[in-house]
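*Asks:* Got a structure for you, written out below as structure tokens; questions coming shortly.
The values are calculated or read from the model by the stated rules, or taken from the named source; none is laboratory data. Treat the numbers as computed from the prediction; the structure is a model and nothing was measured. Here the Cβ is made from the backbone with ideal geometry for all residues, glycine too, and neighbour counts use every protein chain on show. Accessible surface areas use protein heavy atoms only, side chains included; no ligands, DNA or RNA. Shrake-Rupley method; radii C 1.70, N 1.55, O 1.52, S 1.80 Å.
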Amino acid sequence: MALFRIVYVSEATGSVGSGLMPLIDIIGVSEQNNRRDHLTGVLMRHDGRFLQVLEGARADLNRVMARLSRDRRHENLRIVSDQSVPERLFPNWAMARLETTPEAEAFMASDLMQHDAAAHADRVLAGLVEGMADAV
Ligand SMILES: Cc1cc2nc3c(=O)[nH]c(=O)nc-3n(C[C@H](O)[C@H](O)[C@H](O)COP(=O)(O)O)c2cc1C
């Protein structure tokens, strides 16, 4: 089965940008749906922005992206990277909330329309995965 990875950044609307409850709600539903759809990934929030990584089969990704684009809890969703990948970066997580790193925060605040945003995202993700390995 071909595997794809999407990275997007969006802007939280209203109170969704702060406080724990909106995040807990989002993660709860996401875990349940993503387990059903064999999707994995992580979600970060910083300074009113979301960065999410979603990995899985094309049809499942297309369906969740359609739901995400209708969700009023965020707006201005910009796909930074959408590529075919050999394996999952987050095989064990249907959806996990990650603390941001300084690199991830800088990326979320950067001009995402720059030509190398996808490569920049890849470097940020590699750093996150490395950090997780160190923490184990
Ligand atoms: C930042 C953010 C991330 C989300 N991530 C996911 C996700 O990974 N999987 C998922 O099924 N829904 C996710 N959702 C929720 C969906 O937008 C949607 O509310 C949910 O899938 C239920 O859709 P439905 O009401 O059309 O059934 C996310 C929402 C937000 C705001």
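*Asks:* Please give the number of the condition Glu11 fails out of (1) open to solvent by 30 Å² or more (accessible area, probe 1.4 Å); (2) assigned to a strand (DSSP E or B); (3) near the ligand (Cβ under 9 Å from one of its atoms).
*Replies:* It fails just one condition, (3).
*Asks:* Right, next: State which residue pairs qualify: first residue open to solvent by 30 Å² or more (accessible area, probe 1.4 Å) and inside the range 82-100, second residue hydroxyl-bearing (Ser, Thr, Tyr) and not in a loop (DSSP other than H, G, I, E, B) in any location, beta carbons under 9 Å apart, and separation of 6 or more residues or different chains.
*Replies:* Pairs found: Asp82/Tyr8; Arg88/Thr40; Leu89/Thr40; Pro91/Thr40; Asn92/Thr40; Trp93/Thr40.
*Asks:* Identify, please: which residue in the range 23-55 is more than 10 Å from the ligand (Cβ to nearest atom) and closer than 19 Å to Arg88 by Cα and is, among those, least open to solvent (accessible area, probe 1.4 Å)?
*Replies:* That would be Glu55.
*Asks:* I've got another one for you. Return the total of residues in the range 34-44 being out of contact with any Gly (no Cβ under 7 Å at 6 or more places or on another chain) and without any contact (Cβ under 8 Å) to a residue 40 or more places away in the chain.
*Replies:* The number of residues fulfilling the criteria is 1.
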